[in-house]
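All remarks here apply to the structure that follows.
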Amino acid sequence: MGQVISELKSCYAFVERNFNLVKRYLGWEIVFMVYNIVNALTIGFIGVTQGRERVLYLVVGAMIWGFLSILFHEVSESVSWERWEGTIEYTFMAPVHRFTHLGGMCVYAIGYGIIRSVVLLFVVALFFNLSLQNANFAAALVILMVSSLSFIGLGLIAAVLPLMSPEKGSQATHIFQALLLLVSGVYYEISVLPRWIRPLSVVSPATYTLRAMRAALLEGRPLGQMGNTLLLLLVIGLLLIPLGLFIFNLAEIYAKKRGKLKRSG
Amino acid sequence: MNSAIRCIEITKFFYEKRSGSGSKGGLLGWGGKKRRLTAVDSLDLEVKRGEIFGIVGPNGSGKSTLVRLISTLLLPDKGQIEVFGLDVVKEKFQVRKMINRVSVDAAFFKKLSCWENLSYAARLYGVPIKEAKGRAIEILKTFGFQEGKINQPMENLSRGMQQMVAIARAFFTSPVLLLLDEPTTGLDPKSKRQVQEFVLKVREGHNSTVLLTTHDMDEADRICDRLAIIDQGRFVALDTPENLKLMVKGEREEVSLEEVFMELTGKGWEEE
């Protein structure tokens, strides 16, 4: 029990540190928030001439993608960020299990993502005078939590790239994130994609998240009717997180063999 | 167990891209032609408990690589390292609880305040926050650090002050082995002296073992019980500062450690 409490305290170190960083970089946080809001609004306006449902479809896509990409970005860039600050060696030699370290990053990413998404939802709802009377918020919340697992897993796998190659790895995580945006049906049905690219949509967990979230928020569908999607998302998440941790562990060994934990790598 | 550190035939290689080979480095930096550099070459070392052990040598001689190996940030290619009898590869978690390190560049989140950085460290090392704050302020005061500055962002502090915070951060976790990797490089003479005094004080008060790497021969001479001179990843001499001087003294009345280095390596101190 003492060990668990000690690990939870260490886990909190990363959450507290990152929220402190948010406070200290408040100017940039406001810039990103404004950009996100404007982005969601401009996408929403595209659908205005096509009816209310289309606006909701687009806005929900923008919001969910915003949340999932925050999760992915915060987890995958955690190594790059520490390297840029010059603290990577200090963090990696601390007596903290890597599971705890990455767990702390994930807890922070979920909390930070929720705060940003709530602000976005509030502003967008005001702007488009959206009514979500039929929405099943409880179901949406469950879907979001279950989907978070798979995005954390993807983030962990992507975090390996900057660990192995400081500059190119970080570039690769951005390409990966952009590909997810392309294939997951964020702003359009995946049926409009060229046939050869659709297999990527099938393997992207964001495809199922967006589908289920739209069903919950726009149609008010209960969880019971989305059992298969939910189960699939859960299985993907439960596979990706241990896989991500395993790969991260291998990459850390590689980085220590090749001397890539330094600031310059 | 009288040894704080035991290194047995430690070797560490790095791989560097060959310049002018036309290689692009391949995907994620893999592939491409590389050459092998030996950073640490079959080193044997034993540092006794409670000792201040110095390693002096020019840039690129392998000092920092050795410190990184001991602090679990690098894996050796050959050999074995033990810290208080624990293998740094197999028992890294236990080793990390006993050590702390101050590096040449004070590794901080520059936008975070001094205290925010210290509280992060305290949580990582399981030091209760109140206790950590008290200890940190006490240590910082010995350096003449004003208490009010503890809430200042690190980027607003001078290089010397940042290094003092780094030292306070390392000490307030009460490490039994302290790895000081060029802790005074870039500090003004007064700050340098304060850090040196503090290291001596800590050794007396806490019975910590200190491994110090430095460029500064006078510093090594002043505070180290024993010294190793390292060049191209190998120790060329290891003894007390006095004995090292005696080794090369000959007919001269007095020799400095710089002269000892030049004599033993056949190189000038600034040559590297």
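The lone criterion from (1) within 22 Å of A:Ile64 (Cα to Cα); (2) touching a helix residue (DSSP H, G or I) at 6+ places or on another chain (Cβ under 8 Å); (3) hydrophobic (A, V, I, L, M, F, W, C) left unmet by A:Phe122 is number (2).
Select from the stretch B:97-110 the residues that are outside any loop (DSSP other than H, G, I, E, B) and of a type in the set (A, V, I, L, M, F, W, C) and list them in ascending order. I'd like the intermediate steps shown before the answer.
So the first thing to find is which residues in the stretch B:97-110 are outside any loop (DSSP other than H, G, I, E, B), and the list is B:97-102.
Across the stretch B:97-110, the qualifying residues are B:Met98, B:Ile99, B:Val102.
Residue pairs whose Cβ atoms lie under 7 Å apart, sitting 6 or more positions apart in sequence or on different chains, and linking a residue in the stretch A:1-27 that is within 7 Å of chain B (Cβ to nearest Cβ) to a partner that is of a type in the set (Phe, Trp, Tyr), are A:Ala13/B:Tyr120; A:Arg17/B:Tyr120; A:Leu21/B:Phe109. Per this entry, A:Glu85 is counted among residues that are within 14 Å of chain B (Cβ to nearest Cβ) and farther than 21 Å from A:Phe246 by Cα.
Where helices (runs of 4 or more DSSP H) fall entirely within the stretch B:111-222, those with at least 1 residues that are within 15 Å of the chain's Cα centre (by Cα) and on the phi < 0 side of the Ramachandran plot are at B:159-171, B:189-206. Looking only at the stretch A:216-249, residues that are free of Cβ contacts under 8 Å to residues at least 24 places away in the same chain and hydrophobic (A, V, I, L, M, F, W, C) come to 3 in all.
Residue by residue, here is whether (1) at pLDDT 95 or above; (2) under 22 Å from B:Leu212 (Cα atoms); (3) away from every other protein chain (no Cβ under 12 Å) holds:
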| residue | (1), (2), (3) |
| --- | --- |
| B:Ser103 | no, yes, no |
| B:Leu118 | yes, no, no |
| B:Ala132 | no, no, no |
| B:Ala136 | no, yes, yes |
| B:Ile139 | no, yes, yes |
| B:Met164 | no, yes, yes |
| B:Arg169 | no, yes, no |
| B:Gly186 | no, yes, yes |
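Of all residue pairs spaced 6 or more apart or on separate chains, those with beta-carbon atoms under 7 Å, a first member in the stretch B:142-169 that is touching a residue at least 24 places away in the same chain (Cβ under 8 Å) and of a type in the set (Gly, Ala, Ser) and a second member that is in a helix (DSSP H, G or I) and buried (at least 16 other Cβ atoms within 10 Å of the Cβ) are B:Gly160/B:Ser191; B:Ala168/B:Ala136; B:Ala168/B:Ile139; B:Ala168/B:Leu140. Exactly one residue among A:Leu182, A:Leu231, A:Leu200 is more than 14 Å from chain B (Cβ to nearest Cβ), under 17 Å from the mean Cα position of the chain (by Cα), aliphatic (A, V, I, L, M) and in a helix (DSSP H, G or I), and that residue is A:Leu182.
Here A:Ile253 fulfils each of the conditions (1) within 14 Å of another protein chain (Cβ to nearest Cβ); (2) touching a residue at least 12 places away in the same chain (Cβ under 8 Å) apart from (2). When B:Ser174 is tested against (1) closer than 22 Å to B:Glu51 by Cβ; (2) surrounded by fewer than 20 Cβ atoms within 10 Å (Cβ to Cβ); (3) modelled with pLDDT of 90 or more, exactly one condition is not met: (3).
The values are calculated or read from the model by the stated rules, or taken from the named source; none is laboratory data. All of these numbers come straight from a predicted model, not from anything done at the bench. When we count neighbours, we look across all protein chains shown, and the Cβ atoms used for this are built from the backbone with ideal geometry, even at glycine.
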